[in-house]
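The values are calculated or read from the model by the stated rules, or taken from the named source; none is laboratory data. Only a predicted model underlies this, so the values are computations on that prediction, with no experimental measurement involved. As a convention, Cβ positions derive from the backbone with ideal geometry for all residues, glycine included, and neighbour counts pool all protein chains shown. Only protein heavy atoms, including side chains, enter the accessible area calculation; ligands, DNA and RNA are left aside. Shrake-Rupley method; radii C 1.70, N 1.55, O 1.52, S 1.80 Å.
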Amino acid sequence: MRQNLAVLHKVALVPEDQDVEDEAKNIQNYLENLCEKNPLVVKEISKIYIQKAPLLAVNKVSFTVPPQECFGLLGISGAGKSCIFKMLTGQKPITSGDGFVKGLSIGSDVGKVRWWIGYCPQFDALLNFMTGHEMLVMYARIWGIPECHISACVDQIIEDLVMYMYADKLVKTYSGGNKRKLSTGIALIGEPAVIFLDEPSTGMDPVARHLLWNAVA
């Protein structure tokens, strides 16, 4: 317990950059207005895991993502990036603070929030005995895309991510890079307001990585 309290105290003493402080103050003062204009607003979210002793994983993170902006979370392994994704997608409860997607609170309206987000998790959540094409069709139906538009929607994603060579093969035969492509494709279905991509290019060769970023852009 003493060791963990020391860690928490040490984290609190780390000075913040001026732009980070300004962003937090701006969100604090103009939260309602920012939520109306921006698809994602994060206000002082924190995560504490209670195991043998409390562990501070995320400490009062605040930021705003305007429409059509690609916002990157940078940090060393274990810095809490994936933990932030899990909180913003409702996989893990937020200890304190809140996030807002199209003005909807993740803390109190996570069911509605999930209709507006796409998510590529750090570790692929795919079904080995379905083809990539079948998985994309399945998620298009879950999203509620009209049946008459599903084929065009799926074909567009397959083309954008250059997946046509293996789209009709079982997922269990995919390389790690191709699985990441499919996970990213699933996140793009339905034109969500916010798309969370957690290390989507892991395991990809340089050419595939370049194509992926072009598709995201």
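Points worth noting:
- Taken together, the residues in the stretch 169-208 that are at positive phi and either part of a helix (DSSP H, G or I) or open to solvent by 40 Å² or more (accessible area, probe 1.4 Å) (or both) amount to 3.
- Checked against (1) modelled with pLDDT under 90; (2) touching a strand residue (DSSP E or B) at 6+ places or on another chain (Cβ under 9 Å), Cys120 passes all but condition (1).
- Top-ranked residue in the stretch 118-137 [being under 23 Å from Asp155 (Cβ atoms) and either without any contact (Cβ under 8 Å) to a residue 40 or more places away in the chain or touching a Pro at 6+ places or on another chain (Cβ under 9 Å) (or both); ranked as most open to solvent (accessible area, probe 1.4 Å)]: Glu134
- Of the numbered criteria (1) in contact (Cβ under 8 Å) with a residue 40 or more places away in the chain; (2) of a type outside the set (Gly, Ala, Ser); (3) in a strand (DSSP E or B), the one Glu23 fails is (3).
- Test: residue in the stretch 71-82 that is aromatic (Phe, Trp, Tyr) and in a strand (DSSP E or B): no
- Flag if Leu211 is crowded, with 20+ Cβ neighbours inside 10 Å and of a type in the set (A, V, I, L, M): no
- Which numbered condition Gly107 fails, given (1) exposed (fewer than 14 other Cβ atoms within 10 Å of the Cβ); (2) free of Cβ contacts under 8 Å to residues at least 24 places away in the same chain: (1)
- Qualifying residues in the stretch 43-93 (those that are among the basic types (Lys, Arg), touching a helix residue (DSSP H, G or I) at 6+ places or on another chain (Cβ under 7 Å) and open to solvent by 30 Å² or more (accessible area, probe 1.4 Å)) - the one farthest from Asp109 (Cα to Cα): Lys43
- Filtered residues of the stretch 154-168 (kept if over 22 Å from His210 (Cβ atoms) and surrounded by fewer than 19 Cβ atoms within 10 Å (Cβ to Cβ)): Asp168
- Among the residues here, Ile84 does not qualify as more than 16 Å from the chain's Cα centre (by Cα) and under 24 Å from Val216 (Cα atoms).
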